[in-house]
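One structure is given here, and the rest of the page talks about it.
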Amino acid sequence: MNIGTCTLVGAGPGDPELLTLKAVKAIEAATVLLVDDLVNTDVLQWARPDARVVHVGKRGGCKSTPQAFIEKLMIAAVREGEHVVRLKGGDPFIFGRGGEEVEHLREAGIVCAVVNGITAGLAAVSSLGVPLTHRDRAHGVLFLTGHAKPGEAGVDWVQVGATAHALHLTLVVYMGVSRIAQLQQGLLAGLPGHTPAAIVRDASGAQQQHWVTSLAGLADTAAHHGIASPAVIIVGDVLHGVHALANDRVHGVVRTASA
Ligand code: SAH
């Protein structure tokens, strides 16, 4: 019997003020909240005091809860009549495995509602004061993952670089820092080394940092500053607009030599 409800909610990139009103309402109505790693727990201020909160992420020293177990938990809770909210960082349908969860719940006869959130890449670029698209600098944007499933090759960066160059696209890479040298090398086959690039860590969060460099300087910048997750990599001419930023907003900017 399916008497409860299930809602996948995007908690945005970090700043709780970036939650949508729908997200806040869903959190307020939840009796069970399953909270992912990258979610800023400040958003739980809207949860009912008696709501059951389950943290299913890796932080705090635990291994992340296996996906199948989370889905089982969600299904069981909904069947018990709970209002289940699955809180995910950013948007649940951008590299958040939200699609898999929705499908598995549907197979169990449970329809999940989805509330979009602001994805990290969008917040990261906006925080630099530049757009993702621009009439003169980028005709579109590609959101890509730098992570490959074990045994799979992952994204073909040579092809991505060539496509971005031919079509004037902004590239936004999630989970790319650990493979940044490989990514850079592939992209350089299609894009000039002087193409502006940036890394934004903890976008919109209290600890946000960013580094602006060139495609040729990406890997060195990441290594030199020991940049760790969560961070997104942005490559494209839209970043030329960063020059126009007022200095007081560009703390943490590092410029490395362009190739
Ligand atoms: N669904 C999420 C993405 C999950 S994948 C979203 O829409 O934002 C996890 C990756 O997202 C991280 O490895 C990192 O690349 C990126 N990420 C998530 N939150 C971030 C943040 N606040 N700042 C920078 N990158 C972030």
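The values are calculated or read from the model by the stated rules, or taken from the named source; none is laboratory data. Quantities reported herein were computed from a predicted structural model and do not represent experimental measurements. Virtual Cβ from ideal backbone geometry, glycine too; neighbours counted across all protein chains shown.
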Requested in this report: Name every residue in segment 80-100 that is within 16 Å of L33 (Cα to Cα) and surrounded by fewer than 24 Cβ atoms within 10 Å (Cβ to Cβ), in order of residue number.
Outcome: E80, G81, E82, H83, G98
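Being within 28 Å of S204 (Cα to Cα) and either touching a helix residue (DSSP H, G or I) at 6+ places or on another chain (Cβ under 6 Å) or near the ligand (Cβ under 8 Å from one of its atoms) (or both) is the filter here, so list the residues in segment 77-92 that pass it.
The answer is V84, V85, K88, G89, G90, D91, P92.
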Query - All positions within segment 191-217 that are within 14 Å of the ligand (Cβ to nearest atom) and outside any loop (DSSP other than H, G, I, E, B) - result: A198, I199, V200, R201, Q209, H210, W211
Requested in this report: Tell me which of these E71 doesn't satisfy, since it passes every other one: (1) under 25 Å from L144 (Cβ atoms); (2) at pLDDT below 95; (3) in contact with a helix residue (DSSP H, G or I) (Cβ under 6 Å, 6 or more places away or on another chain).
Outcome: (1)
Query - Qualifying residue in segment 65-75 (condition: more than 16 Å from the ligand (Cβ to nearest atom), touching a His at 6+ places or on another chain (Cβ under 7 Å) and among the charged types (D, E, K, R)) - result: yes
Report task. Just need a number here: residues in segment 214-238 that are among the hydrophobic types (A, V, I, L, M, F, W, C), in contact with a Phe, Trp or Tyr (Cβ under 9 Å, 6 or more places away or on another chain) and surrounded by fewer than 18 Cβ atoms within 10 Å (Cβ to Cβ). Result -> 0
Query raised in the report: Within segment 50-72, is even one residue touching a residue at least 60 places away in the same chain (Cβ under 8 Å) and assigned to a loop (DSSP other than H, G, I, E, B)?
Result: no
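I'd like to verify a number: residues in segment 138-151 that are away from the ligand (no atom under 16 Å from the Cβ), assigned to a loop (DSSP other than H, G, I, E, B) and either under 21 Å from the mean Cα position of the chain (by Cα) or surrounded by 11 or more Cβ atoms within 10 Å (Cβ to Cβ) (or both), how many?
2
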Query raised in the report: Given (1) touching a helix residue (DSSP H, G or I) at 6+ places or on another chain (Cβ under 7 Å); (2) in a loop (DSSP other than H, G, I, E, B); (3) closer than 22 Å to R201 by Cβ, where does F95 come up short, assuming only one miss?
Result: (1)
Requested in this report: Tell me, please, whether a residue that is charged (D, E, K, R), outside the structural domain of A223 (by TED's automatic domain parsing) and within 16 Å of the ligand (Cβ to nearest atom) can be found in segment 161-180.
Outcome: no
Requested in this report: State whether the residues of segment 200-209 include one that is of a type outside the set (G, A, S), over 29 Å from P16 (Cβ atoms) and either surrounded by 22 or more Cβ atoms within 10 Å (Cβ to Cβ) or in contact with a helix residue (DSSP H, G or I) (Cβ under 9 Å, 6 or more places away or on another chain) (or both).
Outcome: no
**Report entry** Filter result for R48 (modelled with pLDDT of 95 or more, crowded, with 21+ Cβ neighbours inside 10 Å and not aromatic (F, W, Y))
**Finding:** no
